[in-house]
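Participant: Attaching a single structure in C-alpha cells format; questions to follow.
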Ligand code: CP
Ligand code: NVA
C-alpha cells in the first residue's frame, strides 16, 4: 500500500521519531561519503509552481544521493489541473515516476494528486502546510537541545503554512507550541481546534513578550508568504510587534535556540543581530532539510513496496 507525506500526522509518532533517527544516521554516513540507494532505477518528479532554493536543491541532491534521478517539472510543462484534470495527470505520472514531490498553492490540489496517484506523494509546501520543513526543524531541535520532548516552541509572526505545521507537530510530539500572531493574521483556527480537541499542547496568543517567556525554541518566518506579496505592507503593519530581536529574546530561556525556515527578510521579521547571533541555528536547520527529506523518501519507498 503506497504512503504519502502531505502533513505531519500522515505518519504516527513512532514513524516520525524513526524518520528523524534515520535522518541522523544518513547525516552521519554522508560525512563518510556513504549513502544507501533505495531510489535506484526510480525517477522522482519534482513539481514546482512556486520558487524555491532549499526545497528544490535539497530534494534534488537527496534524490541523487539515494541513487534516483530527479525531474524538475514547472507549471509550463504540465499546468496541473488546467491542461488536464489532476486525476488524469496523477494517473499518467504514476506510470512513469517512482515518486512525486510537489510545491504549489492549493493544499486540496496536493491531496487530490496523492489520492489519484499510485506512487508516494510528498508535500514540498502549500499555502496551508510545509511538513518537510517542520520535521527537519524537529531534527535540529534534537541536535541542539538534546531532545525534542518538553520543548516550548514559540512561533512569532504570520499565521501561515509554517504556523499551521507547528500545530500539526504538537499533535504528534510531546512539545508545547505557542503561536504568537496578530489577531488579523491567524493560523488555521479549524486545525487549532482539532489539535486542542485531541489534547495537543498548543495555544494562540497575541502578546509577543508573554509568548517568549521560558521559550526554548523561538521561530519566525516571513510576514508575507509566496503568493501574498501584495499584502506585504499590511502584514508588516500588523506584525511589527512580533519581530524577533534581541530585546524580545531577553525574556526567553537563556539556552533558547532561534529558528527560521528561510528565506528571511532581514530587518523585518528578524534582525541581523539575532539571525547571526549565538542562539541562531538557522543554517543547521537549512542543512537538515537534506537529511530529513532523504529519510522521508527512503521510508516512503520502503513502506510502499
Ligand atoms: N524553507 C524553504 O522551503 O525554502 P525554499 O522556499 O527556498 O525552498
Ligand atoms: N511561509 C513561507 C515559507 C517559505 C519556505 C512561504 O510560504 O512563502
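Coordinate-derived values only; no laboratory data. Just so we're clear, the structure is a prediction, and the values are computed from it rather than from any experiment. Neighbour counts are summed over all protein chains in view; Cβ atoms, including those assigned to glycine, are modelled from backbone coordinates with ideal geometry.
Participant: Please give the helix 161-172 orientation as an angle from the longest Cα principal axis of the chain, in degrees from 0 to 90, rounded to the nearest 10.
Facilitator: Long axis of 161-172 versus the principal axis of the chain: about 90 degrees.
Participant: If we sort 199-207, 86-94 on the protection proxy, mean other Cβ atoms within 10 Å, highest first, what's the order?
Facilitator: 86-94, 199-207
Participant: Ranked highest first by average number of other Cβ atoms within 10 Å, how do 160-166, 112-118, 209-215 line up? Can you show the working numbers first?
Facilitator: Details: 160-166: 26.0, 112-118: 18.9, 209-215: 17.3.
Top of the packing list down: 160-166, 112-118, 209-215.
Participant: Fewest first, what order do 33, 291, 256, 64 take by the number of other Cβ atoms within 10 Å?
Facilitator: Working: 33 7, 291 25, 256 21, 64 14.
Lowest count first: 33, 64, 256, 291.
Participant: Among 72-80, 151-159, how do they line up from the highest to the lowest mean number of other beta-carbon atoms within 10 Å?
Facilitator: 151-159, 72-80
Participant: Hey, another quick one. Quick check: the distance between the Cα centres of region 55-72 and region 224-253, to the nearest angstrom?
Facilitator: The two parts, judged by their Cα centres, are 33 Å apart.
Participant: Gaussian network model of the chain, Cα springs within a sub-10 Å range: biggest mean-square fluctuation belongs to which of 125, 194, 53?
Facilitator: So, out of 125, 194, 53, the one fluctuating most is 53.
Participant: If I fit a long axis through the Cα atoms of helix 13-31 and take the longest principal axis of the Cα atoms of the chain, what angle between them do I get, 0 to 90°, rounded to 10?
Facilitator: Here the helix axis deviates by roughly 80 degrees.
Participant: Further question: What shape does region 156-305 take by its C-alpha gyration tensor, where a ≥ b ≥ c are the square roots of the eigenvalues and a/c under 1.5 counts as rounded, a/b above b/c as prolate, and the rest as oblate?
Facilitator: The shape class here is rounded.
Participant: Bin width 10 Å, origin at 0, all Cα-Cα pairs of the chain: what percent of pairs per bin?
Facilitator: 6, 29, 35, 23, 7, 0
Participant: To continue, here is another question. To the nearest 10 degrees, how steep is helix 107-116 against the longest Cα principal axis of the chain, on a 0 to 90 scale?
Facilitator: 30 degrees
Participant: I'd like the distance between the alpha-carbon centres of region 133-180 and region 81-116, rounded to an integer number of Å.
Facilitator: 28 Å
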